[in-house]
Amino acid sequence: MSKPKENYTVLLAEDELFLSRTFENRLTLEGFTVLLAHDGEDAIQMILKEKPDLILLDLIMPKKNGFEVLEIIKKDELVQHIPVIITSNLGQDSDIEKAMKLGAVDYIIKSNISLKDLAMKVKEHLPLK
């Protein structure tokens with residue numbers, strides 16, 4: 001898999017430590033700079049401060065859930081353009097529909113995706129620099 005031409009920054013908002021490290025390792029191998037947030041409030045603060053190129057956002061997190069994070073950042077003019085890919089094990093149509101209505105560009109069921117496919121999805125949704 002080819003590395004991104006530019007150094008892209010991905011914010012990974014995931015409270016499950018093993019999964020967070022696994023995703024981080026794969027994305028780092030692909031050439032991304034990875035920022036980690038372990039709860040919704042940290043995610044919001046980091047997004048506003050760092051303005052990453054793409055956000056991988058879990059739905060079930062402490063302090064603020066992914067839906068709340070998505071709603072907040074999509075109302076902020078400085079960061080609303082950043083593509084958000086939901087990564088969740090919630091696979092009900094209503095959850096997917098709600099995330100897409102709130103502005104997510106994609107929805108990944110964590111238990112159904114390989115690390116290689118995750119990296120491909122990230123590259124697919126990166127904005128051009």
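For Lys75 and Met100, calculate 0.36 nm times their separation in residues minus their Cα-Cα distance, and state this gained length in nm to one decimal.
Numbers: separation 25, 0.36 × 25 = 9.00 nm, distance 1.47 nm.
Difference between extended and current length: 7.5 nm.
Once the cut-off is 18 Å, how many percent of the Cα-Cα pairs in the chain end up in the long-distance tail? Walk me through the numbers on the way to the answer.
Working: 3871 of 8256 pairs.
Value for the chain (Cα pairs over 18 Å): 47 percent.
So who's got an amide H within less than 5 Å of the one on Ile108, skipping anything under 5 residues away but keeping other chains? H placed 1.01 Å off N, in plane.
Under 5 Å from the amide H of Ile108 lie the amide H atoms of Ile86, Thr87, Ser88, each far enough along the sequence or on another chain.
Can you give me the C-alpha center-to-center distance between segment 1-64 and segment 77-91, rounded to a whole angstrom?
If we compute the Cα centre of each part, the gap is 11 Å.
R0 = 41 Å: FRET efficiency of Lys63 with Leu128, Cβ-based, nearest 0.05?
Working: r = 33 Å, r/R0 = 0.81.
Once the sixth-power term is evaluated, E becomes 0.80.
Can you pull out the GluC sites (Glu not before Pro) in segment 61-129 that DSSP calls coil and that have at most 15 other Cβ atoms within 10 Å? Working shown, then result.
Details: sites: Glu68, Glu71, Glu77, Glu97, Glu124; in loops: Glu77.
Within segment 61-129, the qualifying GluC sites (Glu not before Pro) (loop, at most 15 other Cβ atoms within 10 Å) are Glu77.
Modelling each spin label as a point 7 Å along the Cα-to-Cβ direction, I'd like the Gln92/Asn7 distance in nm, to one decimal.
So the label points at Gln92 and Asn7 sit 4.3 nm apart.
Relative contact order for segment 9-124 using alpha-carbon pairs under 8 Å, separation at least 6, rounded to a whole percent?
Over segment 9-124, the number comes to 24 percent.
I'd like the antiparallel share, as a percent to the nearest 5, of DSSP beta bridges with both residues in the chain. Walk me through the numbers before you get to the answer.
Values: 0 of 16 bridges.
Here the share of antiparallel DSSP bridges comes out near 0 percent.
I need the phi-derived Karplus couplings for segment 73-82: 6.51 cos²θ - 1.76 cosθ + 1.60, θ = phi - 60°, integer Hz, Gly and Pro marked x.
Once rounded to whole Hz, the list reads 6, 6, 8, 9, 4, 6, 10, 5, 7, 5.
Determine, from the Cβ-Cβ distance of Leu48 and Leu17 and an R0 of 30 Å, the FRET efficiency 1/(1 + (r/R0)^6), rounded to the nearest 0.05.
Details: r = 24 Å, r/R0 = 0.79.
Calculated transfer efficiency: 0.80.
So how strong a dipole does segment 1-92 carry about its Cα centre when Lys and Arg Cβ are +1 and Asp and Glu Cβ are -1, to the nearest 20 debye?
Numbers: 10 positive and 16 negative charges, 51 e Å.
Approximately 240 debye in magnitude.
Using helices alone, I'd like the mean residue ellipticity at 222 nm for the chain: each DSSP H run of four-plus residues gives -39500 (n - 2.57), total over residue count, nearest 500.
Dividing the helical sum by the residues of the chain leaves -12500 deg cm²/dmol.
Mind listing the phi-derived Karplus ³J(HN,Hα) values for segment 90-99, rounded to whole Hz, using 6.51, -1.76 and 1.60 with θ = phi - 60°, and x for any glycine or proline?
Those phi angles translate into 7, x, 5, 3, 5, 5, 4, 4, 4, 4 Hz.
When the gyration tensor of segment 50-116 is built from Cα positions, what are the square roots of 5 times its three eigenvalues, in whole Å, from largest to smallest? Don't skip to the answer; put the middle values down first.
Details: eigenvalues 73, 37, 25 Å².
They are 19, 14, 11 Å, listed from largest to smallest.
Every read-out reported here was derived from the displayed coordinates using simple, explicitly stated rules and does not represent laboratory data. Because the structure is predicted, anything quoted here is derived from the model rather than measured. Neighbour counts run over all protein chains shown; Cβ positions are idealised from the backbone, glycine included.
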